[in-house]
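Structure first, then comments.
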Amino acid sequence: MVCFWPFIEQAGEGWSRMDYMQAMEIANGVVINGFRQPKPELIPTQECSGDLYTLKVALKIEGMEFFIYQDLLDDGNKFFRNPFNEDSIDKEENTPLFNKIMLILRMKGVSEHQSAMFTPIVYDLIADKAYKSYLEDYAKKEKVMTLGKFISYFGMDETEAQSIASLLSDNTKEVQELKSAIMQLTPHSLFHEPIERNLGSWQLNTSKGKMSPEEFKRSLILDYGKPQSDLFS
């Protein structure tokens, strides 16, 4: 998450760390994709060879429902939020949310000038929350992708590595060794691996042209299942 404290220091006029905590309070009180609200939408823009999208996410703030819109670039390897350093708060569609944030700040006793100055900070905290919710709750679950592409987009954590290792072995000790090896994988180290993600879960893919699960398991243990210092010996 972006740290806005330097900007708050420059703003002066009484804004303090406590005021920033108020901004965090507003953002933390926002419910992303609340009850009865639609799922996030990735809307194509036909720009950048079709790789630039508008991410539309429903949210609820102080009991009122809004949408937040932000630019998202999918270059085939990773998602980039606001890829051209253009603040999505300037999108016309975000005006209702902008006005709501300003109103909340005013009701907290913030001056009109300071409310206008710090609304983008609160907005960005909310946008970051919406973006992360999209990645974690939807993009991971809906995209069909290879293991290499998944690591490019989302990295690899222990939970995902455990799931993959459990597909390859039912031996507890071996699963732990494989889990450690999978945590070290990079997208460039993978080739024809028999693992893919489909609708939020890991599956074996043994179609023609893929390594067999046994071959893949053996290569993991040989290449990564030993101390890092031994890799170059």
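If Lys and Arg each add +1 and Asp and Glu each add -1, what is the summed charge of the other residues whose beta carbon sits under 14 Å from the beta carbon of Gln46? Before the final figure, lay out the partial values.
Numbers: positive: none; negative: Glu47, Asp51, Asp71, Asp74.
Net local charge, Gln46 excluded: -4.
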key: ³J(HN,Hα) computed for each position of segment 126-135 - Karplus, 6.51 cos²θ - 1.76 cosθ + 1.60, integer Hz, glycine/proline x   = 5, 4, 5, 5, 5, 4, 5, 5, 4, 4
remark   = Per the rule of 0.36 nm per residue minus the C-alpha distance, extending Asp223 to Met64 adds in nm 51.9 nm
ask   = lysines within cross-link reach of Lys217: Cα-Cα under 20 Å, excluding same-chain residues under 8 positions apart?
value = Lys149, Lys173, Lys179, Lys208, Lys226
inquiry  = Of Ala165, Ala27, Ser180, which is farthest towards the positive pole of the chain's charge dipole, taken about the Cα centre with +1 and -1 on the beta-carbons of Lys, Arg and Asp, Glu respectively?
reply    = Ala165
task = Name the residue farthest towards the positive end of the dipole of the chain from the options Phe216, Pro40, Gly148, assuming +1 on Cβ of Lys and Arg, -1 on Cβ of Asp and Glu, about the Cα centre.
result = Phe216
remark   = Here Rg/Rh (Cα, Kirkwood) for segment 121-226 equals 1.05
ask   = Charges only on Cβ, +1 for Lys and Arg, -1 for Asp and Glu: so what's the dipole of the chain about the Cα centre, in debye to the nearest 20?
value = 600 debye
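Stokes-Einstein diffusion coefficient for the chain at 10 °C in a medium of 1.306 mPa s, Rh from the Kirkwood formula over Cα pairs: what value in µm²/s?
Values: Rh = 20.5 Å.
Using the Kirkwood radius from Cα pairs, D works out to 77 µm²/s.
Report, in debye and to the nearest 20, how large the dipole of segment 121-226 comes out about its Cα centre when Lys and Arg carry +1 and Asp and Glu carry -1 on their Cβ.
Numbers: 14 positive and 16 negative charges, 47 e Å.
So the dipole magnitude of segment 121-226 works out to roughly 220 debye.
Using per-residue counts of other Cβ atoms within 10 Å, averaged over each peptide, order 109-116, 214-221 from highest down.
Top of the packing list down: 214-221, 109-116.
Taking only protein heavy atoms into account and a 1.4 Å probe, give the accessible area per residue of the chain in Å².
56 Å²
The values are calculated or read from the model by the stated rules, or taken from the named source; none is laboratory data. This is a predicted model, so every value here is computed, not measured. For neighbour counting, all protein chains shown are included, and Cβ atoms are generated from backbone atoms with ideal geometry for every residue, glycine included. Heads up: the accessible areas ignore ligands, DNA and RNA and are worked out on the full protein's heavy atoms, side chains in. Shrake-Rupley method; radii C 1.70, N 1.55, O 1.52, S 1.80 Å.
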